[in-house]
Structure formats: structure tokens, C-alpha cells
């Protein structure tokens, strides 16, 4: 049986086309995925992301536990700041990618993917057995992402009173709390904005107030094209438990120093790094006909082969684009097999778009 967020009826009233996603009834779009995409790039859009799992960690050894659990080192994270990173298995594969918020040495919040909720919680609890740490899933909270160049200006006056001042002062990748409410200057679109966590009863009035202020409701479709343009990984497409951070452009999330921090998966990553020959993580821009889709084969000039992990049409660039894993080298061009025919494509550095600015040559 699929679950429904506290905003389910609001989605229906807004004309959403609902689909099943990771066990939840979620909006795919509200009539025009294209209009929703452009609203986020040009003004402001909002996404119900309450299907994602919010997990609070507390206890005297929480910092030590998270330094063991995650690739990034939370000991380097100031209070009130956020950190993106990976949780690995012992082979170095990505169990999940997630955001960690640190509020004190003993008080952290994690936001993990909806599709990996159960396995993430089971893994955390199993790994925490030797630590003084308490793990609590916050299924009493809803989460709303407001994104775009006008997002903060429109959302800040509508936040709970105790969060308005702190929200105005937030730097990127920082968060503030007031009781059960939280606002963070984070997101998954490549644009500025907030992710707002509130008790279920408080999220509906905020949604309605944002709609009245002109913020466009957006669904999963626009969320995917926005994150693709921004070069942001999607779990289950660009990486999973068979792929390490070094193979999907997330090597920057691995804090190697100090050498004595033996996070789970470190030995496997050290062996992989020492062996060399790591694949390139690149963007592709199609120059031939068709649309770049997930898992299409990519061919380099010498016959070596790679694969698209995420692909689609970019509304901002008006081009078909993709993220791909290809063999190492300095190739700048390739071919992609689409419907049995090889079409030319250009290899570019990610991301394609960030903060409304196109970062590649068209």
C-alpha cells in the first residue's frame, strides 16, 4: 500500500498527476513539467519532499559514530552547517548519499533517500551497536523544498516567526532550528533556496501561503531535469552499492585526512585509488538526432565503451544531455548508440547549469 504525504490533498487540488514513487503517492507534474522547470530556474518553485527520511541522532558518541559511518568527516563541520556525503558498505559501494546537519557535538540530523529508507536505518542501527548513540526516525515531520532565484525572498516572510531572522542570515549549506521547525539553505536543483521541515499540521498552511505568493508547485519530473542540468547524482541511477564514490564524481566527498579515521569502505577506496585507471565522470551533449537516455552505450574513438547513467532533454539548454561513466583519457568527443545508430556527442565538464547560468559552450 502506497503512503501519502500531509500535502496529498493539496496536490490533487492543484491538479497534480500522481504517480507511485518509492512507495509514496507523489506528484509527477501539475500540468506542465516544462513550465515547472523554468519557474525554478527563473523565479521560484516548491517540491513536496516529505517522502524522504529524516533521522535524528543523539548521544555522547554521535560524532565518533558518524566519523565511522560517513565518507565526509563531520568533525570538520561547524555547528549549524550541513555536509553532503556518502554512506558506504565495506566494499566501498554507496549504500546511500545523504545530507548531514550538525547542531552540536551530540545532536545531528540526516536526510536520506526515500527508496533507501529501510536499508539505511537498518545499516545505521547495526553499525551503532558499539556506540552511545540514539537513532530516531522523524516520521512526524514534513519537508518542503522552495528553490529558485526568488525562493528565499518569497519564503522567508512565510516561515514560522522564530525562523525568519535565522533564515535571512543563513549561508549556503547552513541550517537553523526553532523547536521542531527547521530551515536549511540546501536543495537538489542547482538553484538557491530552502528546505523546510515542519510538523505535518504546519506544512499545509505554509504550502498554501507559498502558492498565494506565486511560488509554482513542482513535481518529480521537473526535479529530475533540474538535478540533471546541475550535475547532481540520483541514487539508483548514477550510483548504488556496486559503484564507489570514486566512480561517480563523488570523490570530493571523501575526507582522507587524518589517515587514522577508518570510515566504513575506506580500505576498498584506498585500494581502488592506488590501482588507478578510474573511469571519468563526464557530461555529454548530443549533437546528433534523438534523446540521450539512461544506460545507452557510449563509444570512444578507439572503440572503448562507457555508459550513460542519467540522460534526458534539458529545457534550459534546449539540448539532450547526459551524465556518463567512460574510460579514462582526454577524449572530447564520443558517439552514443540510439535506436541502433551511433550519434555524435560532445564530452563536457559537469555541471551544465548552476544558479541559472549555463556553464558549457553551446
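Here are the numbers for this structure:
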item	result
Between the stretch 30-75 and the stretch 156-174, the Cα center-to-center distance that results, in Å	17
Residues 26, 52, sorted so that the one with the fewest Cβ neighbours within 10 Å comes first	52, 26
For the stretch 128-233, alpha-carbon Rg and Dmax in angstrom	14.9, 50
218, 334, 86 arranged by Cβ crowding within 10 Å, fewest neighbours leading	334, 86, 218
Least to most buried among 133, 40, 336, 19 (fewest other Cβ within 10 Å first)	19, 133, 336, 40
Inter-centroid distance (Cα atoms) of the stretch 269-298 relative to the stretch 320-362, Å	9
Ellipticity estimate at 222 nm from DSSP helix runs (n ≥ 4, -39,500 (n - 2.57)) divided over the chain, nearest 500	-6500 deg cm²/dmol
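Here, each number is a calculation from the coordinates, and none is a lab measurement. This one's a predicted model, so the numbers in the text were calculated from it and none came from an experiment. Note that we place each Cβ from the backbone using ideal geometry, even for glycine, and neighbour counts take in every protein chain shown.
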